[in-house]
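Asks: To start, I am sharing the structure in question, which I have written as structure tokens.
Here, each number is a calculation from the coordinates, and none is a lab measurement. Bear in mind that the values here come from a model prediction, so they are computed numbers and not experimental data. Note that each Cβ is placed from the backbone with ideal geometry, even for glycine, and that neighbours are counted across all protein chains shown.
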Amino acid sequence: MHAANPRRGYILGLSAYIIWGLFPLYFKAIQSVPAVEIIVHRVLWSALFGSLLLLVWKHPGWWRELRDNPRRLAILALSGTLIAGNWLTYVWSVNNGRMLEASLGYYINPLINVLLGMLILGERLRRLQWLAVAMAAVGVAQQVWQVGSLPWVSLVLALSFGFYGLIRKQAPVAALPGLVVETWMLVPLAIGWLLLHPTAMSAQGAFYTNSEALWLMAAGPVTLIPLVCFNAAARHLPYTTLGFLQYLAPTLVLLQAVLLFDEHLSPSTLVAFMFIWAGLAVYSVDAWWNLRKRS
């Protein structure tokens, strides 16, 4: 385990959430491919790309450590199950017209991270951080009110990714080897789905055009790179801070929806975003002051 480096943690965390925030541009390029097939490609190409990356980016002794510590393999199996459940819930919400609840889940998730950081990791918030959390909570509550019922899809997405990050933060496994093992544990599920749907990868399925094939092959690095950054950042930052950085991703999605895809932004949603953005600004100022003090 390496000593925490907050500056490196911020760079890695920002990189992960910016990439995730730009995901709509990637999915627009393959919007004709069914969502479940996209998930299968994410698993298969991520496993291949991660293995190749692990050959180049050496981690001596990582497999021996995992082999000699079955508990670590069990931890990775649990975290892999959580991230797979997160992906599948998102796919279901897209296919069943529950995108509002799905997007809300990514705004609830940072509050889940803050709560887990305080209750399980014993992290404490400074005064400005409490103010920032309160502002963000008001914005999220406004969106929950807009949904008009218990947003169970949002809660599943938020809780699954929140506990995934918590497990990976505490797991004594390096970011890249852990992700590769996680992904390979999902490969049997992906292959099982292909056996049940043998025409999925045929000319009538995902590989309909050469351009779609190339985009789907890119699912490996597109999926793995931000996850590597996220897991590495989790080792250098408090979990509460990592959670708050997450507001960058849905904010970028919102800007793309309004500026690029001409989606309507209602006044009530704008008010909610203003509270969330104000909270993010306050949290960022507090983090900057704290880094200056340490320097």
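Asks: Hey, could you grab the Kirkwood Rh for the stretch 6-294? Inverse mean 1/r over distinct alpha carbon pairs, Å, one decimal.
Replies: Working: mean 1/r = 0.0502 Å⁻¹.
Result for the stretch 6-294, one decimal place: 19.9 Å.
Asks: Filter the chain for me: DSSP H helices, axial length by Cα at least 18 angstrom, mean Kyte-Doolittle hydropathy not below 0.0. List them by residue number. Intermediate values should be presented prior to the final figure.
Replies: Values: long enough: 6-21 (22 Å, 0.42); 35-56 (31 Å, 1.86); 70-95 (37 Å, 0.67); 99-119 (30 Å, 1.20); 127-147 (31 Å, 0.90); 152-170 (27 Å, 1.00); 175-196 (32 Å, 1.78); 219-234 (23 Å, 1.57); 267-294 (40 Å, 0.54).
Span-like helices here: 6-21, 35-56, 70-95, 99-119, 127-147, 152-170, 175-196, 219-234, 267-294.
Asks: Specify which residue in the list A16, G148, L252 is farthest towards the positive end of the charge dipole of the stretch 6-294, using unit charges on the beta carbon of Lys, Arg (+1) and Asp, Glu (-1), about the Cα centre.
Replies: So the residue we want is A16.
Asks: Can you sort F273, F244, F27 so the residue with the fewest Cβ neighbours within 10 Å comes first? List each step's numbers first, then the result.
Replies: Values: F273 19, F244 27, F27 14.
Fewest to most other Cβ atoms nearby, the residues stand as F27, F273, F244.
Asks: With +1 on each Lys and Arg Cβ and -1 on each Asp and Glu Cβ, how big is the dipole of the chain about its Cα centre, in debye rounded to the nearest 20?
Replies: Details: 19 positive and 10 negative charges, 246 e Å.
For the chain, the charge dipole is close to 1180 debye.
Asks: About the Cα centre, and with charges only on the beta carbon of Lys, Arg (+1) and Asp, Glu (-1), how big is the dipole of the stretch 33-103? Nearest 20 debye, please.
Replies: Numbers: 7 positive and 4 negative charges, 53 e Å.
Computed about the Cα centre, the dipole is about 260 debye.
Asks: Positive end of the charge dipole of the chain (Lys, Arg +1 and Asp, Glu -1 on Cβ, about the Cα centre): tell me which of L227, T183, M118 has its Cα farthest that way.
Replies: M118
Asks: So if I place +1 on the C-beta of Lys and Arg and -1 on the C-beta of Asp and Glu, and nothing else carries charge, what would the dipole magnitude of the stretch 211-295 be about its Cα centre? I want it in debye, nearest 20. Let's see the in-between values first.
Replies: Values: 4 positive and 4 negative charges, 126 e Å.
It comes to approximately 600 debye.
Asks: Right, another one. Setting aside same-chain residues fewer than 8 positions from K169, which aspartates and glutamates have a Cα under 18 Å from its Cα?
Replies: Partners within reach: E65, E123, E182.
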